[in-house]
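Undergrad: Dropping a structure here in structure tokens format, bear with me for questions.
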Amino acid sequence: MAYMDDPITAEQAAETPAEREALDVVRDATGETGGAMERHNLRVFRIACELAARKEIAVDREVLLVAAFIHDLGLYDKVSRGGVYVKDGADFATELLERQGWEPKRIRLCADAIERHHELRPQWKAGDEVELLRRADLVDISSGLVTFGLSRSWLRSLFAEISRDGAYREVGRLVGHALRERPLSMARIFLR
């Protein structure tokens, strides 16, 4: 089950106005095109699609891509509201998607995927896209140590196609900044 030709760049992935606006937001927040965070987001999307295909789950591709693009943006000052970064990202996505004219149910699904992507327990009840994003982010951040059944050869191929250079440095910098600026909000991510 293929959702699309496997995109190697974010431009190849972003097909709809909402996807393109979400990509623009990533680039505005990070100050770069094709940077470490943008590539992390694209890998998360590709991993989520592969997990869905292997389980034969039909997903809302647009919800999944927008959520993948925005899921960590609450760590950036341009998106952060000073609260828990996953909630800040979910609120930001909600506003973006309301402007795009999305139906409330799809907006909630996308926002839940963003807000719940660090949950410790499976999130299938919240929606397939929510759990797939959570799993995909964990696979990418763990460098494939956690696979959820994906083959290591497939992951190596993905990591070769979409570079991980700078990803851990960027995430570490952002998390460190958030811990200094709003430590209690960072603790709330895992204490909910």
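Undergrad: On a full-extension model of 0.36 nm per residue, what is the gain between Arg152 and Ile57, subtracting their alpha-carbon distance, rounded to one decimal in nm?
TA: 32.1 nm is the gain from fully extending Arg152 to Ile57.
Undergrad: I want to make sure I understand the PRE zone here: with the label point 7 angstrom from the Cα of Lys105 toward its beta carbon, which residues in the range 31-67 have backbone N atoms less than 17 Å away?
TA: 58-64
Undergrad: Still on this structure: Heavy-atom accessible area per residue, the range 35-192, 1.4 Å probe: how many Å²?
TA: Solvent-accessible surface per residue comes out at 45 Å².
Undergrad: Quick one: with all protein chains in place, what share of the accessible area of the chain is carbon or sulfur, to the nearest percent (1.4 Å probe)?
TA: The computed percentage sits at 51.
Undergrad: Related question: Under 17 Å from the 7 Å Cα→Cβ point of Val175, by amide nitrogen: which residues of the range 35-76?
TA: Under 17 Å, as judged by backbone N against the label point of Val175, lie 36-38, 40-41, 44, 71-76 of the range 35-76.
Undergrad: Roughly speaking, what is the stretch gain from Arg164 to Arg81, that is 0.36 nm per residue apart minus the C-alpha to C-alpha distance, in nm to one decimal?
TA: 27.1 nm
Undergrad: Percent of Cα-Cα pairs per 10 Å bin, from 0 to the last occupied bin, for the chain, please list those.
TA: 10, 40, 39, 11, 0
Undergrad: Sum up the charges of everything whose Cβ sits under 12 Å from the Cβ of Val79, counting Lys and Arg as +1 and Asp and Glu as -1, but leave Val79 out.
TA: Within the 12 Å Cβ shell, the charges total -3.
The values are calculated or read from the model by the stated rules, or taken from the named source; none is laboratory data. These figures come from a predicted structure and were not determined experimentally. Note: ideal-geometry Cβ built from the backbone for every residue, glycine included; neighbour counts use all protein chains shown. Areas reflect the complete protein model, heavy atoms only, side chains present, ligands, DNA and RNA absent. Shrake-Rupley method; radii C 1.70, N 1.55, O 1.52, S 1.80 Å.
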